[in-house]
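The values are calculated or read from the model by the stated rules, or taken from the named source; none is laboratory data. Everything numeric here is computed off the predicted structure, so don't read it as measured data. Because the Cβ atoms are built from the backbone with ideal geometry, glycine has one as well, and the counts that use them run over all protein chains shown. Areas reflect the complete protein model, heavy atoms only, side chains present, ligands, DNA and RNA absent. Shrake-Rupley method; radii C 1.70, N 1.55, O 1.52, S 1.80 Å.
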Amino acid sequence: MKVDFCPGHIVDSNFVEEPESINDEFFMRMALDEAKLAYEKGEVPVGAVLVVDGTVVARGRNSREATGDPTAHAEVVALREGAGAAGTWRLGAATLYVTKEPCVMCAGSMVNARLKRLVYGCPDEKGGAISLYGLLTDRRLNHTVEVLRGVLEAECAGLLKDFFSTRRGGRADEGVGLENRCGGNSTVGSNPTPSATEKQKKPEG
């Protein structure tokens, strides 16, 4: 059955807060399954599934360590697979479910793919493209994406925290500030606030 990835309109909607539906939970659990597979391979456990009309058309999980590819994030892997299956880069009828808030690279890929909707689990307050920059809902861009956050947030964050807690002897930069990166509430579209130490006056004269 051919899936229509590219309807005749472009979605241009703001960030939305709405109750998570049974379907959203169902597909997020599938994304969590992908994240768990990444965990077993020693990858940062983030997973994604791409859905069109209630059908999963692509799956992805972090595979940077295995591939040596810095762009092999779960979201990008799923978008590439989905575009390949569709025979077009335009994914305007698709919803992407991902366990962690996307980074700037992945969010940019969603804009370029004309993605309809993003649903993510836990926020990433130090690297998230939505929390820090409101990237997917910025109307200055030629496309915006409908965003729903917080679906199965505790489970998504818990998997990441468990992964990093077992790797505290590993790369230090990955473990630092994890509680802030993968939990709590984030403000969409906000700019980072300078800390007290950053608010230094310029020397006079």
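In the stretch 125-140, the qualifying residues are those that are farther than 12 Å from A107 by Cα and without any contact (Cβ under 8 Å) to a residue 60 or more places away in the chain, and the one that is farthest from the chain's Cα centre (by Cα) is R140.
Residues that are closer than 30 Å to R167 by Cβ, in a loop (DSSP other than H, G, I, E, B) and touching a His at 6+ places or on another chain (Cβ under 7 Å) do not occur anywhere in the stretch 119-136. Among the residues of the stretch 41-48, at least one is open to solvent by less than 40 Å² (accessible area, probe 1.4 Å), among the hydrophobic types (A, V, I, L, M, F, W, C) and in contact (Cβ under 8 Å) with a residue 60 or more places away in the chain.
The residue that is most open to solvent (accessible area, probe 1.4 Å), counting only those in the stretch 56-86 that are in a loop (DSSP other than H, G, I, E, B) and touching a strand residue (DSSP E or B) at 6+ places or on another chain (Cβ under 9 Å), is H73.
When the test is whether a residue is at negative phi and at pLDDT below 95, G121 does not pass it. Every condition in (1) modelled with pLDDT of 95 or more; (2) more than 22 Å from G54 (Cα to Cα); (3) among the basic types (K, R) is met by K116 except one, and the failing one is (2). Identify the residue in the stretch 32-60 that is charged (D, E, K, R) and in contact with a Ser or Thr (Cβ under 9 Å, 6 or more places away or on another chain) and, among all such residues, is farthest from G158 (Cα to Cα). Here the residue is K41. Residues in the stretch 87-110 that are of a type in the set (A, V, I, L, M, F, W, C) and either assigned to a strand (DSSP E or B) or open to solvent by 10 Å² or more (accessible area, probe 1.4 Å) (or both): W89, A93, A94, L96, V98, C103, V104, M105. Close contacts from the stretch 155-168, counting a first residue that is on the phi < 0 side of the Ramachandran plot and assigned to a helix (DSSP H, G or I) and a second that is of a type in the set (S, T, Y) and open to solvent by less than 20 Å² (accessible area, probe 1.4 Å), with Cβ to Cβ under 9 Å and a gap of 6+ residues or different chains, come to E155/T99; C156/T99; C156/Y120; A157/T99; L159/T99; L160/T99.
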